[in-house]
Every structure is written in C-alpha cells, then in structure tokens.
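Everything below concerns the one structure shown next.
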C-alpha cells in the first residue's frame, strides 16, 4: 500500500444507462426533485449533494442498461421524509424504512423506471466519516 498522497478528488458521478431515458429523467427531476446540473443531450447529470452526481444516459453502443446488482444509495438525515414523499407520489417501495443491524443503517429501497434499485439511508453509527473522510483529502496527514 502506498503511503504517498493520491491526487485530489473534487467530485463523483455515477452513470446509469436507461432503455427509456425520458421516463428515467422525469423520475430523477420531478419525483426525486434532483437539480439538473448538465444536459448533454443523450445524458443528463443531476446533483445529489455538494460533490456528488448521478448521470442518466440512454443506452448506446458499448453501454447497456443493467440494473441487476446496482444499488444507488442516497444518504439523508430524513429517511422517513423520503419514504412519505415517494409513497405519496405512487412510487412502489420494497417496504417501509427499517434498521439493518448488519450494516448499521436505517433505510428503505425503491426502484427507478429503469429498474435501478435506490436506497435511502441514514447511518446509525456516529463514526460515519462522510464528507470529512480524511482518506479523500490528499493533503491529510
């Protein structure tokens, strides 16, 4: 393992590929209410937090829609608020929020129109580093 500091990381984008990008864009924009950060035509990038983004693109050569095995997690202090919002808007969930002792989170799951599993979670441990994680700071000692 290198003891050398790595180059800086400013932001992070996760790209999801959709068979029906228009319906998926509508879900992220209107249902979730995410702010559109950039419209690239076949891809739209949404802000999920100060330095986090999710991009939704239409399927194209070399890229395919494959929601199996993907969990897109949104960390929030108000899991119950998200559950109320989504169920009020008619979004099917996998059940109400509950605590997972294994992962020490309080969470629930829903799916976007393309079938990607979205987790809304809050960490139950006080030691979640989040944005203060020194491992992402190349100047940290």
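For the reader, a short list of remarks on this structure follows.
- Of all residues in the stretch 1-18, those being out of contact with any helix residue (DSSP H, G or I) (no Cβ under 8 Å at 6 or more places or on another chain) and either in a loop (DSSP other than H, G, I, E, B) or more than 16 Å from residue 72 (Cβ to Cβ) (or both) number 10.
- Of the residues making up the stretch 82-110, just one is surrounded by fewer than 16 Cβ atoms within 10 Å (Cβ to Cβ), touching a strand residue (DSSP E or B) at 6+ places or on another chain (Cβ under 9 Å) and part of a helix (DSSP H, G or I), namely 87.
- In the stretch 49-64, residue modelled with the highest pLDDT [restricted to those that are outside any strand (DSSP E or B) and closer than 16 Å to residue 115 by Cα]: 59
- Residue within the stretch 124-131 that is at positive phi and part of a helix (DSSP H, G or I) present: yes
- In the stretch 19-48, the residues that are more than 16 Å from the chain's Cα centre (by Cα) and not in a strand (DSSP E or B): 19, 20, 21, 22, 23, 40, 41, 42
The values are calculated or read from the model by the stated rules, or taken from the named source; none is laboratory data. Everything quoted here is computed from the prediction, not taken from an experiment. Don't worry about glycine lacking a Cβ; one is built from the backbone with ideal geometry, like all the others, and counts go over all protein chains shown.
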